[in-house]
Amino acid sequence: MAVTGGLLLLFVTAHMVGNLKFFFGAEEFDGYAAWLRTIGAPALHHEWFLWIQRTGLLLCVLLHIGTATSLAVRARRARPVRYRHRPAVQGSYAARTMRWGGVIVALFVVYHLLDLTVGVLNPHGEHGEVHANVVADFAPERWYVTLFYALAVIVLGFHVQHGLRSAFQSLGRGDARTLDLVATGYAVALVVGFLAVPVAVLVGVGS
Amino acid sequence: MKLTLRVWRQKGPEDKGRMVTYEVDDLSPDMSFLEMLDVLNERLALKGEEPIAFDHDCREGICGMCSLVINGTPHGPERATTTCQLHLRKFKDGEVVDIEPWRARPFPVIKDLVVDRSAFDKIIEAGGYISAPTGSAPDAHAVPVPKPDADRAFEAAECIGCGACVAACPNGSAMLFTAAKVTHLGLLPQGQPERDSRVVDMVATHDDLGFGGCTNTGECTVACPKGIPLDTIARLNHDYLKAGGKR
Ligand code: SF4
Ligand code: FES
């Protein structure tokens with residue numbers, strides 16, 4: 001959990017920072033997307049790095065889901081008779097939404113790939129014209145898409161908040177208060193960074 | 001004062017069990033929760049009914065025998081307090097109070113509110129001890145222990161093995177208990193010889209017994225009557241990874 005989650009978080013962070021290139025205009029953003037396809041060149045062929053990375057990510061996602069499932073199964077087996085009276089669990093909201101939050105994030109990732117990677121769900125949907133795709137995606141009349149993205153990113157934020165804290169704990173580092181601060185700060189930065197682009201498009205930046 | 005109790009009644013391990021409602025009046029707010037059950041049991045006995053079975057021993061918060069889930073919270077609403085140290089003044093007059101046993105597969109119900117916690121003994125047998133020469137006790141100052149280590153070890157040693165952490169955990173994990181033992185012994189010089197094998201064997205036994213896996217939700221610390229902190233589990237993980245690396 002901790003290791004695969006950590007690797008995924010590294011990717012997500014790089015993704016968030018990369019997104020911010022949107023604010024430098026179409027040319028630079030599209031150029032950045034094209035550059036991503038040339039990483040490792042000339043040693044690696046066009047897009048090879050990207051595919052290596054995608055394989056690694058997929059592997060992490062599968063392992064992450066696998067371990068999560070085995071933990072959920074063990075938990076279920078460990079309490080065959082449930083409590084009649086059970087108040088809302090007292091731990092943090094983030095901790096108790098890890099499982100369903102994870103499912104939501106996974107579904108969102110599928111949609112997101114079809115939308116902005118494959119392009120079939122995107123109203124513009126042109127490969128290489130990343131900036132235009134994004135602008136078309138979050139256009140004001142498609143507010144429901146923006147809303148869905150925003151909700152998914154917030155769910156991801158909660159997932160990361162507990163996940164990061166928990167990963168440190170599982171790897172044997174555990175000053176609770178510092179960890180809480182670091183994890184919350186990180187999650188908030190991530191959410192704000194990811195929301196910046198859709199919100200900017202919604203209010204008309206970049207069009 | 002008066003309380004409406006809904007109590008888990010189960011004749012034996014094979015019985016399905018059910019919640020039974022009892023109206024109990026003429027109670028004093030100064031009574032402890034267990035005294036209230038004593039009063040109810042006396043009244044039941046007078047009526048010729050079977051008294052409610054529940055665990056208890058010291059009634060001063062140190063033995064770890066008492067074990068009731070009160071309104072869904074192990075050891076009831078008061079923080080860092082065992083069931084036996086809980087008083088009725090923490091409840092409102094006329095309140096409905098649900099009482100259930102610890103719920104976990106490795107803690108099967110024996111009768112009513114009594115569960116079998118020998119699974120904890122198995123975890124201790126797997127490594128919760130030190131090798132020490134027998135004979136006369138050594139001088140207390142023969143082996144120096146740094147004060148911060150002694151303090152942390154003592155904090156972990158406060159665990160009374162009650163099992164509330166398991167009862168509270170949404171995963172049914174006993175990691176807080178296991179971690180308390182690993183921390184307590186692993187911080188002291190006497191605990192060093194078995195430090196690696198202890199953590200590996202205790203965790204393996206914990207898993208074999210059917211306790212769930214820890215996902216760091218922190219429910220255990222909230223329920224723990226001794227306030228064993230969550231970072232105790234981080235220490236266990238640290239020792240576990242180190243021991244794994246050496247093997
Ligand atoms: S860690 Fe706390 S709750 Fe768990 S057995 Fe020890 S004293 Fe009880
Ligand atoms: S009866 Fe001993 S701790 Fe409650």
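Mind checking how much accessible area A and B bury in total, 1.4 Å probe, in Å² rounded to 100?
The summed interface area works out to 2700 Å².
To the nearest 10 Å², what's B:Lys92's accessible area with a 1.4 Å probe?
That residue has around 140 Å² of solvent-accessible surface.
So how do A:Tyr144, A:Tyr186, A:Tyr149, A:Tyr32 rank on accessible area, 1.4 Å probe, biggest first, that is with the largest at the start?
The ordering from most to least exposed comes out as A:Tyr144, A:Tyr186, A:Tyr32, A:Tyr149.
At 1.4 Å probe radius, can you tell me the per residue accessible area of chain B in Å²?
45
Mind listing P(r) for the protein assembly as shown? All alpha-carbon pairs, 20 Å bins, whole percents.
All Cα pairs, binned at 20 Å, distribute as 21, 42, 28, 9, 0 percent.
Return the percentage of antiparallel bridges among DSSP beta bridges fully within the protein assembly as shown, rounded to the nearest 5 %.
Beta bridges within the protein assembly as shown, antiparallel portion: roughly 80 percent.
Might you work out the accessible area of B:Asp93 for me, using a 1.4 Å probe with all protein chains in place, and round it to the nearest 10 Å²?
110
Starting from one equal scatterer on each C-alpha and no solvent at all, send me the Debye-based log10 I(q)/I(0) for the stretch A:46-201 at q = 0.11, 0.14 Å⁻¹, two decimals.
With one equal scatterer per Cα and no solvent, log10 I(q)/I(0) is -0.59, -0.90.
Relative to the longest principal axis of the C-alpha atoms of chain A, give the angle of the C-alpha long axis of helix A:176-202, reported between 0 and 90° and rounded to the nearest 10°.
30
Any chance you could run the full-extension gain for A:Ile52 through A:Val188? It's 0.36 nm times the residue separation minus the Cα-Cα distance, nm to one decimal.
Full extension of this stretch gives 46.0 nm more.
With r as the distance between the Cβ atoms of A:Val120 and B:Ala142 and R0 = 60 Å, compute the FRET efficiency 1/(1 + (r/R0)^6) and round to 0.05.
With a Förster radius of 60 Å, E is 0.20.
How much FRET efficiency would the formula 1/(1 + (r/R0)^6) give for B:Ile130 and B:Lys246, where r is the Cβ-Cβ distance and R0 is 22 Å, rounded to 0.05?
Calculated value: 0.70.
Just the accessible area per residue of chain A, please: how many Å² with a 1.4 Å probe?
Computed with neighbouring chains in place, this is 58 Å² per residue.
Quick one: length gained pulling B:Glu50 to B:Asp149 fully straight, 0.36 nm per residue minus the C-alpha distance?
Contour length minus Cα-Cα distance gives 30.7 nm.
Would you mind telling me the share, in percent, of accessible area of the protein assembly as shown contributed by carbon and sulfur at probe 1.4 angstrom?
Accessible surface attributable to carbon and sulfur in the protein assembly as shown totals 63 percent.
If the limit is 18 Å between Cα atoms, which of B:Lys2/B:Lys90; B:Lys122/B:Lys181; B:Lys16/B:Lys122; B:Lys16/B:Lys111 go over it?
In this structure, B:Lys16/B:Lys122 exceed 18 Å between Cα atoms.
Return the FRET efficiency for the residue pair A:Leu63, A:Thr13: r is the Cβ-Cβ distance, R0 is 25 Å, and the value is rounded to the nearest 0.05.
Efficiency for this residue pair is about 0.85.
The values are calculated or read from the model by the stated rules, or taken from the named source; none is laboratory data. Small disclaimer: the values here were computed from a predicted structure and weren't measured. With ideal geometry, Cβ positions are generated from the backbone for all residues, glycine too; neighbour counts draw on all protein chains shown. Surface areas here come from the heavy atoms of the whole protein model, side chains and all, with no ligands, DNA or RNA. Shrake-Rupley method; radii C 1.70, N 1.55, O 1.52, S 1.80 Å.
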